[in-house]
Structures are given as C-alpha cells and as structure tokens.
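For reference, the structure is listed below as structure tokens.
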Amino acid sequence: MPPPGRDRFDDADAPHVAVAGGGVAGLAAAVLLAERGAHVTLYERNESLGGRLAGWRTRLADGSEATMSRGFHAFFRQYYNLRGLLRRTDPGLDRLRPLPDYPLRHSGGLTDSFARVPRTPPLSALGFVALSPTFGPRDLAAMDPRAALPLLDVRVPEVYDRFDSLGATAFLDRVGFPQAAHHLAFEVFSRSFFADPRELSAAELLLMFHIYFLGSSEGLLFDVPDDPFPQALWEPLGDYLRRLGVQVRTGTPVRAVHPDDDGGVTVRTDTAAHRHDAAVLALDPGALRETVAASPGLGTPAWRDDVAALRTAPPFLVSRLWLDRPVRADRPGFLGTSGYDGLDNISVLDRYEGEAARWAARTGGAVVELHAYAVEAGADREPVQKRVLDSLRRVYPETAGAQIVDARYEWRADCPFFPVGSHARRPTVSTPHPRVTLAGDAIRCDLPVALMERAATTGFLAAGELLARWGVRGQVLWTVPRAGRSPALRALGALGRR
Ligand SMILES: Cc1cc2nc3c(=O)[nH]c(=O)nc-3n(C[C@H](O)[C@H](O)[C@H](O)COP(=O)(O)OP(=O)(O)OC[C@H]3O[C@@H](n4cnc5c(N)ncnc54)[C@H](O)[C@@H]3O)c2cc1C
C-alpha cells in the first residue's frame, strides 16, 4: 500500500531542505525529497558524490588515466531499496552485471562456493551445509542444535534484545560451529562489518545470516557495476538530481546545524550560513559525531551523548595493483579469503569493470585489488601493504613474477562499528528535533538491512519522515521479511526462545 499523503508539494509551499552528505544515504534522501517537489540543497564535503563509493581520476606510471576508488563492493540482489535508487537513472539495471559466484577460500585449503547452493530457504542453509567441505559429519555431530536454533528464526528488531549483549564469536562457540566454517561463512560476514568477530555484536551476525540464508531467496549472489562507480552510478544520479532542481554543492562541508526559533535550521558551511526548513544528516559516523558536537543547540543532552558514543571501525586498506601480466584465466572476479595474514578478499577488476578491462586488453596486464579490513589501529602501513601483497602471491602464485606497473594504497577509517551491547543507544532516523533526521549505514532502523542497503533504506526513511510532517507521501520500501520465511523453521526456532 502506498504511504499516505499528497503526491507532492505545490510550488508555493515547497520547503527548503538541506541534505548533508552525498553518499548512498544522502543521495537516496535527496532524490526522494526532490521528486516530491522540495527545494533541496545537497552539501558534500568531497569534490565528488558517492561517499565511500566515490571515485577520482589518477594518472598511472605508464601515462594512462584510471579511476581510483575504495573499490570492490558487492551489490547483493536483496538490496531492493538501493536498486530502486539506481533504477532512477538505469531502469533495467543494465549498468550492473552479475558475478557468477561468491567463492571463499581458507589458507588451510578448504574452498566454499555459493553458486551451487539452492536459494530457497530452508534449502539454502541446509544446502550450504550439505555442499560445504567445511561441514563434515563429525562437525555436525559436535554442534549444539539447541544453541543453533536462534539461527532458524531471526526476528528484527527482537534479535537485538536477545543477542546484542553477546559477541559474534561467543555465539558461534556456544553453537559449536566448526572452526573452518567460522572462517568461511561467518568471519567473512563480520569482517565485512570491518570488525573483529570477537567484538562484533552477535545480533548483527544473526541478522546477516537471516538476510542471506533464511530470510530471502536471493542467496549470496551479487552484481557489480560494469564501469567505475562515478561513471556507472553517481554522475548519472548527480545529473538526475540537478534536473530535479537540486543544488548539488560538492566541496562544501557542513560545519554545524543550529535550530532556529521558527522550527527550521541554519546550516553553517565554511563561507556562509544558510536557512532551511529541515535537514537530513547523512554523514559517516565520525563526521556525524563532529557535526553534532559543533552544533550545541541541536537535540537533547541524552541524544547528543548517544551520537558521541557512535564508534568507528578500525582502519582498512584497499590496495590496487596494475600488473604487467594477466592472472590465470580461471581466477574469479572476486574471491573471499581467510587465514591469509589479514587479506580479506581479492578482486580481478579487469574481469568485470570496463575501464580496467580496457587497460588490461591494451597492455596485456591485469588490475587486481586487495582488501584488508580491521587492521590494528596504529599499525605501520608499509608492512601491512607488503603482507597483503605477499598473501596475493600465495593465493595466486602466477602474480609472484609480475611487475607492478603502478599501485595505489587507500587507508581509511570511516565505517561504523557495532560492538557488543551498542544497539540500544544507536541513534535512529528520528531525532529529538522534529525537522532533523539521520541517515546512513550507522543509523538504526530496525529493519533487516545492512551496509549499503541500510544506507539507502535510512536515506529514504529520513526523507519520508520529513515529508510526512508536511502531509506528502514518502515511498514504499522493501526488505526481506522481518522474520524467517519458513513456518517449519520458525516453529523450530521458537523452541530456542523457551
Ligand atoms: C572497502 C569497502 C568495501 C565495502 N564493501 C561493501 C560491500 O561489498 N557491500 C556493501 O553493502 N557495503 C560495502 N561497504 C560499505 C558501504 O560502502 C557503506 O555501507 C555505504 O557506502 C555507506 O553509505 P553512507 O551514505 O551511509 O555513508 P558514506 O558513503 O560515508 O557517506 C557520507 C558522506 O558524507 C560526507 N561528509 C562527511 N562529512 C561531511 C560534512 N561535514 N559535510 C558534508 N558532507 C560530509 C562524506 O564525504 C561522504 O560522502 C564497503 C565499504 C568499504 C569502505
């Protein structure tokens, strides 16, 4: 059912809304507000849109131009709201292309794959267990089925009440999960939260299990953009926003947001103060903390404390290497890795990204990207970069003799971290100020969404909440069900609640 309200503002009554942050969340909020006729100003600190998926031009040692970014992102098929955002400029999602599998490899030699796993729950979870070499009959016998029952019936948000006070690793130990499967199936999830699984909330891990195994039939298969993010995604979306009349102010950080007596807010940048009727703060956790700290009149003391308590995950490294020779023809576009000295995944960009493919075809080389998440804070960068490169050479030995034509190393720390026990205090889309809402992958929305999809979903929710105040409708949102899809497994899972 469509959300209630009139279709859009009349020109005469359209409010002025500020959106701070031009990542997925801010773009979703700006799109919906502008489509409903609001006057939107999008403030983005960086020179380009996309946030953590932004890209920038760089010249390589061989003279060619390339687009650098933080690289590989999996656009899972369950990302219904993100896909809805991208459809604004690409109705058939033609700029996304599927990668055929999500292969995982452990240094001990075991390899898992999701391509052959059936996708209908509960067969998805059972199929994974049956097909995975990491679950031998002895492993299964050693598991505690009663402790595993919560996996069968994850409900959102109740899962947080029950499991947010427990660490992800502690939960797996309780279940007696085989060690190899820890690495392959679950550590990959928790590390995709940029966190050490010992510190991550078990609720977030259970939520991931629900999203990918028992709550949906899309499984762990995903798409990737067929060109660098700016060309494939953000430049078209930026043009779409401008056509809707949005003022897109890149290179313009918001420094503070002050409530006005008339119910609106004043947004302060480095050069001016701008009055708006409302604002969406769609910032990464560090920037949200800073902006709220610099805006003393905003919200209540308790809310401000909760924002200040938001945590940022440890630093991560993205190494991109332009090599003078190809990797073996059977290497997949993406490989999750575990047990390789901190290397979390390897992607071969020229398998799927047009720009990299053109460079590789021209030079006879390869473009390879390595991700290492949750690096120890304060670790010396060069040894980590070298370790990760050495790991590539172990996993793909044919790269050992390759010359590195050029390399880029991106070190950042701007992803949210969801430690044990943090859910209750996590800021929500609504704030104590009726005309200020929050969006982003750090923001709580009590729906089964994570990462980019949480960013897109909270962006639409943040815009929708403001629109509702003016009697204008938001947009229909889709998620995987908030509880397990299989009645039989739900019944079984309920036993675990007794
Ligand atoms: C290496 C890596 C791999 C990832 N892989 C995946 C994946 O495979 N699948 C997945 O779903 N997710 C993945 N993610 C997570 C994904 O990138 C994020 O969930 C998503 O991009 C968050 O979007 P956001 O809009 O909430 O935040 P951001 O993208 O961080 O956007 C916040 C924006 O606010 C801007 N800003 C900051 N301060 C100010 C200010 N004062 N004024 C104005 N603007 C400001 C920032 O420049 C930024 O553009 C990955 C992340 C990284 C880093």
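Each value in this text was obtained by applying a stated rule to the coordinates, not by laboratory testing. Note that this is a predicted model, so its numbers are computed, not measured. Note that we place each Cβ from the backbone using ideal geometry, even for glycine, and neighbour counts take in every protein chain shown.
Summary table below
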quantity	calculated
Ordering of 449-455, 148-154, 26-32 by packing [mean C-beta count within 10 Å, highest first]	26-32, 449-455, 148-154
Counted charge near ARG242, where neighbours are those whose Cβ lies closer than 15 Å (Asp, Glu -1; Lys, Arg +1)	-1
Farthest toward positive dipole pole in region 266-395 [+1 Lys/Arg, -1 Asp/Glu at C-beta], among VAL292, THR312, GLY365	GLY365
Whether region 306-372 is rounded, prolate or oblate, judged on the alpha carbon gyration tensor where a/c under 1.5 counts as rounded	prolate
Whole-Å distance, taken between Cα centres, linking region 454-480 and region 46-70	31
The chain, Cα convex hull volume normalised per residue, Å³	149
Efficiency of FRET from Cβ geometry, GLN179 and ALA361, R₀ 51 Å, rounded to 0.05	0.75
Alpha carbon convex hull of region 212-326, volume per residue in cubic angstrom	244
Kyte-Doolittle at least -1.0, axis length at least 20 Å by Cα - qualifying DSSP helices, the chain	381-395, 451-469
Percent RCO, i.e. relative contact order, over the chain, from Cα pairs under 8 Å lying at least 6 residues apart	25
Dimensions (Å) - region 374-457, Cα atoms, principal axes, largest first	60, 26, 21
Debye, to nearest 20: dipole size of region 205-324, +1 on Lys, Arg Cβ, -1 on Asp, Glu Cβ	320
With 10 Å bins from 0: P(r) over region 245-312, alpha-carbon pairs, percent	19, 53, 26, 2
Cα pair count fraction exceeding 23 Å, expressed as % - region 1-108	49
The chain - mean residue ellipticity at 222 nm from DSSP helices (-39,500 (n - 2.57) per run, n ≥ 4, rounded to 500)	-8000 deg cm²/dmol
Pairwise centroid distance, computed over Cα atoms, of region 19-35 with region 329-389, Å	31
Of all DSSP beta bridges in the chain, antiparallel share, percent nearest 5	70
Long-range HN-HN contacts of VAL19 with modeled amide H, under 5 Å	THR41, LEU42, TYR43, VAL280
